[in-house]
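Reading through the structure tokens given below for one structure.
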Amino acid sequence: MSAAPKMESKNPLFDKRLINAFVDGVIKTLKTMAYTEVTPGKPFIEAKFIMKGEIAGMVGMVAPPIKGTFLICFDKPAIFAILENMIGEVHTELNSDVSDGVGEMTNMIYGAAKTTLNELGYKFEMAIPSVITGISGAFSISHGHLGATLVIPFNLPNGTIFYIEIAVE
Amino acid sequence: MFPSHTKFLVVDDFATMRKIIKKVLNELGYTNVQEADDGKTALPMIQQALASNQPFEFIISDWNMPGMQGIELLKACKGDPRTKSIPFILVTAESEQKHILEAAKAGVSDYVVKPFNSITLKGKMERVYAKHNPPKAA
């Protein structure tokens, strides 16, 4: 096992291994559970958290001294396409079934990334995700650890894009 | 492999995962499948099924759930002589060694790490069947 990362001297958002762990988690989860090949885009940093999409799964990432939030954000066409592939259900509106699917996907992706990161020396714990819905850009989350945000876009075969966002306090 | 009339209980707080597991079980020919959304709901169902003399014959549970976690449900089942021999698979995003060891120590039959596909679940069920039904000596 590798030595524990020096987190006091390094913002985890700039740790390439953290980015790779989440990218791999997304690719593996979508490929295995939804038979969907996704292509990651170029990651970028936003100074302030702005949630993208119309529905998002969110989970707190706590590994002292790190406190952060992981989100996976979808527009309707993206999440509807994924859920159709994953469970064979066709959705046209955001509802409790869609929210549930987003929650489970958040759980799986965070779990996969967490395992990789903890093998590298981080100490993230598992947490139960929550799901938020609304209009893109109009979200205000007061209790998350939401400062500078790492954003990674993913392209779906149907031409739509979804995002993961990692904000660290 | 387990007979097609085997009675399953699938426990997960996310309906999506219950649907996925149920879909895989149906594809494998198992249609006697009931669901619970956490351990707290599952435990009385297990006891009720015992009382009505139609016990569950296979439990597939998530680990990370509100109310009562899958590992606690596993321990409760293994701690009761009437349910300790029911095959019990944990399906979970927890794939670190410490969790696998904790589950093994608690007596889990096998362990499926999310994300998984139907081939993985089928393979694990075959292993569990072999474990619970060792070949008889000639």
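Below, the figures for the structure above:
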read-out: Flag if A:GLY60 is surrounded by fewer than 20 Cβ atoms within 10 Å (Cβ to Cβ), under 28 Å from B:VAL91 (Cβ atoms) and in contact with a Lys or Arg (Cβ under 9 Å, 6 or more places away or on another chain); value: yes
read-out: Residue match in segment A:79-89 (condition: surrounded by 20 or more Cβ atoms within 10 Å (Cβ to Cβ) and more than 25 Å from B:ILE119 (Cβ to Cβ)); value: yes
read-out: Residues satisfying the stated conditions in segment A:78-128, i.e. at the interface with chain B (Cβ under 9 Å from one of its Cβ atoms) and not in a helix (DSSP H, G or I); value: A:GLY88, A:GLU89, A:MET126, A:ALA127, A:ILE128
read-out: Only one of A:THR29, A:THR92 that is at pLDDT 95 or above, farther than 16 Å from A:ILE164 by Cα and polar (S, T, N, Q); value: A:THR92
read-out: In segment B:16-34, residue nearest to B:THR92 (Cα to Cα) [restricted to those that are crowded, with 18+ Cβ neighbours inside 10 Å and within 13 Å of chain A (Cβ to nearest Cβ)]; value: B:MET17
read-out: Odd one out for B:LEU73 among (1) assigned to a loop (DSSP other than H, G, I, E, B); (2) under 11 Å from the mean Cα position of the chain (by Cα); value: (1)
read-out: Residue within segment B:1-13 that is surrounded by fewer than 21 Cβ atoms within 10 Å (Cβ to Cβ), in a helix (DSSP H, G or I) and among the small types (Gly, Ala, Ser) present; value: no
read-out: Single unsatisfied condition, B:ILE119 versus (1) within 14 Å of chain A (Cβ to nearest Cβ); (2) within 21 Å of A:ALA112 (Cα to Cα); (3) buried (at least 16 other Cβ atoms within 10 Å of the Cβ); value: (3)
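The values are calculated or read from the model by the stated rules, or taken from the named source; none is laboratory data. Model, not experiment: these values are computed from the prediction. All Cβ positions, glycine included, derive from the backbone under ideal geometry; neighbour counts span all protein chains shown.
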